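Report on the following structure.
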């Protein structure tokens, strides 16, 4: 049950950063002049962020990862619960790693 | 609209969000498991869940976790991956502006994707009790902290998570959350392609998580410019 001091610093930093983001949206919306460009920018930010996050690891991942990604995207497109999508993806990856040794 | 803030509202919110919180418990356990595989102690694993309380960000932190712990990079990466909370909490203005600063900024800590969705739905239905939001958040927080601990404890006995495909789960979570954000070709195609292209280029060229910053900003800028183009035509 030990806590490394650098790890603690990282956790506190991440916690503070996350809280400030949570608080700032509410704080700013009460003060900022509304602009349609800003609204559109913020509207598109989550999707753009997630695309940026998944693209390099999926494309660089090899056949089991590609198949797993396809399984997750299919489940999510069919509006499956998050849990079902995650399990389908993990199962696909696990299965293909068995079949295609070396990945 | 008379907005109130009652303990009954907290209770109703907690009950409303509990099924979804329980649905995320496997996610919490996987986080705890991956954390223990990455060498985090149980105390560090649980502390991160209690203080950061953001599943996607914590998974990202584990992806980037190494010795010595890159505290500054992790803080910046988590800040960026959580930027969506900024516009999410902006939406809560009708509920939180009238209840006073302490209640508003206290409630805002308990903001995650799922409870925000439940809370906003209740608000848009005309719910008057803003404490409902705090209740939904506390439901997620309590289950998240509990299951992180369980995952951390059992993580040391699960020998080979890769054989079970568990290492794929964080990436799968981002994919599954991304799919419902698709708003059709006209709105989403160009922003997403721009984000992907810039992310791939920066991933190849620069270290760390700059590809997230660059890709996120590029996609959002294109989204904003598309709107201006639509306005002009």
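The values are calculated or read from the model by the stated rules, or taken from the named source; none is laboratory data. Keep in mind the model is a prediction, meaning the values are calculated, not measured. Note that each Cβ is placed from the backbone with ideal geometry, even for glycine, and that neighbours are counted across all protein chains shown.
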Quiz item: Only one residue in B:48, B:59 is outside the structural domain of residue B:206 (by TED's automatic domain parsing), in contact with a helix residue (DSSP H, G or I) (Cβ under 6 Å, 6 or more places away or on another chain) and at pLDDT 95 or above. Which one?
Solution: B:48
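Is there a residue being facing chain B (nearest Cβ under 8 Å) and within 26 Å of residue B:166 (Cα to Cα) anywhere in the range A:23-32?
Within the range A:23-32, the first condition is being facing chain B (nearest Cβ under 8 Å), and the residues that meet it are A:23-26, A:28-30.
Applying the additional criterion that residues be within 26 Å of residue B:166 (Cα to Cα) yields none.
No, the conditions are met nowhere in the range A:23-32.
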Quiz item: What number of residues in the range A:20-34 are within 23 Å of the chain's Cα centre (by Cα) and surrounded by fewer than 20 Cβ atoms within 10 Å (Cβ to Cβ)?
Solution: 3
Self-check item: Among the candidates B:131, B:104, residue that is on the phi < 0 side of the Ramachandran plot, at the interface with chain A (Cβ under 9 Å from one of its Cβ atoms) and at pLDDT 95 or above
Solution: B:104
Exercise. For the range B:187-225, name all the residues that are surrounded by fewer than 20 Cβ atoms within 10 Å (Cβ to Cβ) and either touching a residue at least 40 places away in the same chain (Cβ under 8 Å) or in contact with a strand residue (DSSP E or B) (Cβ under 6 Å, 6 or more places away or on another chain) (or both).
Key: B:208
Practice problem: Look through B:16, B:50, B:71 and report the one residue that is farther than 17 Å from residue B:154 by Cβ and under 14 Å from the mean Cα position of the chain (by Cα). | Solution: B:50
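Let's see how each residue does on (1) free of Cβ contacts under 8 Å to residues at least 12 places away in the same chain; (2) surrounded by 15 or more Cβ atoms within 10 Å (Cβ to Cβ); (3) more than 22 Å from residue B:25 (Cα to Cα); (4) in the same structural domain as residue A:21 (by TED's automatic domain parsing):
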position: A:58; (1), (2), (3), (4): yes, yes, yes, no
position: A:71; (1), (2), (3), (4): no, yes, no, no
position: A:90; (1), (2), (3), (4): no, yes, no, no
position: A:101; (1), (2), (3), (4): yes, no, yes, no
Quiz item: Given the conditions (1) surrounded by fewer than 22 Cβ atoms within 10 Å (Cβ to Cβ); (2) modelled with pLDDT under 95; (3) part of a helix (DSSP H, G or I), which single one is not true for residue B:126?
Solution: (3)
Quiz item: Restricting to the range B:134-164, what's the tally of residues that are under 26 Å from residue A:76 (Cβ atoms), modelled with pLDDT of 80 or more and within 11 Å of chain A (Cβ to nearest Cβ)?
Solution: 1
Practice problem: Answer yes if at least one residue in the range B:89-100 is in a loop (DSSP other than H, G, I, E, B), crowded, with 23+ Cβ neighbours inside 10 Å and either at pLDDT 95 or above or over 21 Å from the mean Cα position of the chain (by Cα) (or both), and no otherwise. | Solution: no
